[in-house]
């Protein structure tokens, strides 16, 4: 469950980044309070760091919920077994790498 401290901190950051956007944090609490602190905080950080602008009809509550769900669904790197911490390319990607590596080797001769 989302703590009031995390919620207030998140809205402080949102209002400092999106200064022209009117927000109603007290009204949004029932819509966001079921999120956990980490998911909410990381969603706010992601939105503030990557969302260049908010349009007047952007549903910020839905954006926060969606990002928090996406973040919570991903396992943390430390929770993955060592062998799964690395992305293994599929066969098509391996072939493209070989092809590009061959081209680079020929141009360097």
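Structure notes:
Residue by residue, here is whether (1) assigned to a helix (DSSP H, G or I); (2) out of contact with any helix residue (DSSP H, G or I) (no Cβ under 8 Å at 6 or more places or on another chain); (3) over 30 Å from residue 9 (Cβ atoms); (4) modelled with pLDDT under 90 holds:
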| residue | (1), (2), (3), (4) |
| --- | --- |
| 65 | yes, no, no, no |
| 71 | yes, no, no, yes |
| 88 | no, yes, yes, yes |
| 92 | yes, yes, yes, yes |
| 109 | no, yes, yes, yes |
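- Taking the range 17-53 as the range and being at pLDDT below 90, over 22 Å from residue 3 (Cα atoms) and surrounded by 14 or more Cβ atoms within 10 Å (Cβ to Cβ) as the test, only 21 passes.
The values are calculated or read from the model by the stated rules, or taken from the named source; none is laboratory data. Bear in mind the structure is a predicted one, so any value in this text is a computation, not a measurement. Cβ atoms come from the backbone with ideal geometry, glycine included; neighbour counts cover every protein chain shown.
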